[in-house]
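Values quoted throughout were computed directly from the atomic coordinates according to the rules given, and no laboratory measurement underlies them. All of these numbers come straight from a predicted model, not from anything done at the bench. Glycine also receives a Cβ, built like all others from the backbone with ideal geometry; neighbour counts cover every protein chain displayed.
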Amino acid sequence: MTDLLHETLIAPSILSADFGRLSDEVELVLGAGARVIHVDVMDGHFVPNITIGPLVVSALAPLVHGAGALLDVHLMIERPEAFVGAFAAAGADVLTVHQEACPHLHRVTQTIRDAGSAAGVSLNPATPVETLSEIRDHCDLVLVMSVNPGFGGQSFIPGSLEKVARARGLLPEHVALEVDGGVAEHNVRELVDAGANLLVAGSSVFGGPDVETRFQALQQAATA
Ligand code: DX5
Ligand code: ZN
């Protein structure tokens, strides 16, 4: 199933979904063809917002896995190593931690892999891609943040396009490259051309009516 990590895919972020009808919203995007569902976990410490924990991941897992899709869990939390076991047991196929939250990043990616998930490493906008040099052979995915993490619906930071290209140049071919924040129809193609293959989209999928059409338009723009 982690072969999906190497395809060019829009990953709808449930952060912008209607949480009162969360499973319906996820069902809609799965029905429209989504195969990576992005889940944003925030703790009110690493980022100034609080969202969800392993309980919601485990509640969504049967639906997502039943459709042959992946749960891509983005941990914007301090001490993520303390929660790897719980999220892996809840059904996270990918667990991405922030480099800025992990003084012992190498150990954390090993722990994630040992727990049976793919290991992702995320960089905040101000963290240089060159800091990936020692971890690039010990992770399965790199996530370039194109906004400051914490909220959906922010504007894409323009220099992020070039940053994605530099990240791709540094990474081994088998490491997936994801971009997160401000992804929309107008920039999705250039991000793919720059080397990103997983494109997180929150408000541009769930932020208006007709979620299925919005998802499909983005997926088409990414692969056209
Ligand atoms: C932000 C989150 C994103 C968020 C993106 O901290 O990591 O995944 O959902 O939202 P949009 O696509 O609206 O910028
Ligand atoms: Zn995210």
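For region 1-134, what log10 I(q)/I(0) values come out of the Debye formula at q = 0.09, 0.13, 0.19 1/Å, with one point per alpha carbon and no solvent?
Listed by q, the Debye log ratios stand at -0.25, -0.53, -1.12.
Show me the ranking of peptides 214-222, 133-141 by mean Cβ neighbours inside 10 Å, starting with the highest.
214-222, 133-141
So what is the diffusion coefficient of the chain in µm² per second by Stokes-Einstein at 20 °C and 1.002 mPa s, using a Kirkwood Rh over Cα pairs?
127 µm²/s
Quote the charge dipole size of region 1-102 about the Cα centre in Debye, to the nearest 20; the model charges only the Cβ of Lys and Arg (+1) and of Asp and Glu (-1).
Taking the Cα centre of region 1-102 as origin, the dipole is about 120 debye.
Dividing the alpha-carbon radius of gyration of region 109-171 by 2.2 N^0.38 Å (N being the number of residues), what value is obtained?
Details: Rg = 12.7 Å, N = 63, 2.2 N^0.38 = 10.6 Å.
With N residues counted in region 109-171, Rg over 2.2 N^0.38 Å equals 1.19.
Can you tally the net charge around ALA61? Count Lys and Arg as +1, Asp and Glu as -1, for every other residue whose Cβ sits under 14 Å from the Cβ of ALA61.
Working: positive: none; negative: GLU27, ASP72, ASP93.
Its environment carries a net charge of -3.
Given contacts defined as C-alpha pairs under 8 Å and at least six residues apart, what's the relative contact order of the chain, whole-number percent?
Value for the chain: 23 percent.
Only four residue types carry charge here, +1 at the Cβ of Lys and Arg and -1 at the Cβ of Asp and Glu. Report the dipole size of the chain about the Cα centre in Debye, rounded to the nearest 20. Display every interim value, and only then the final one.
On the way: 11 positive and 27 negative charges, 35 e Å.
Using only the charged Cβ atoms, the result is roughly 160 debye.
In bins 10 Å wide, starting from 0, what share of all Cα pairs of region 55-175 does each bin hold, as a percent?
P(r) for region 55-175, in whole percents per bin: 13, 43, 35, 9.
Would you calculate the convex hull of the Cα atoms in region 158-221 and tell me its volume per residue in Å³?
77 Å³
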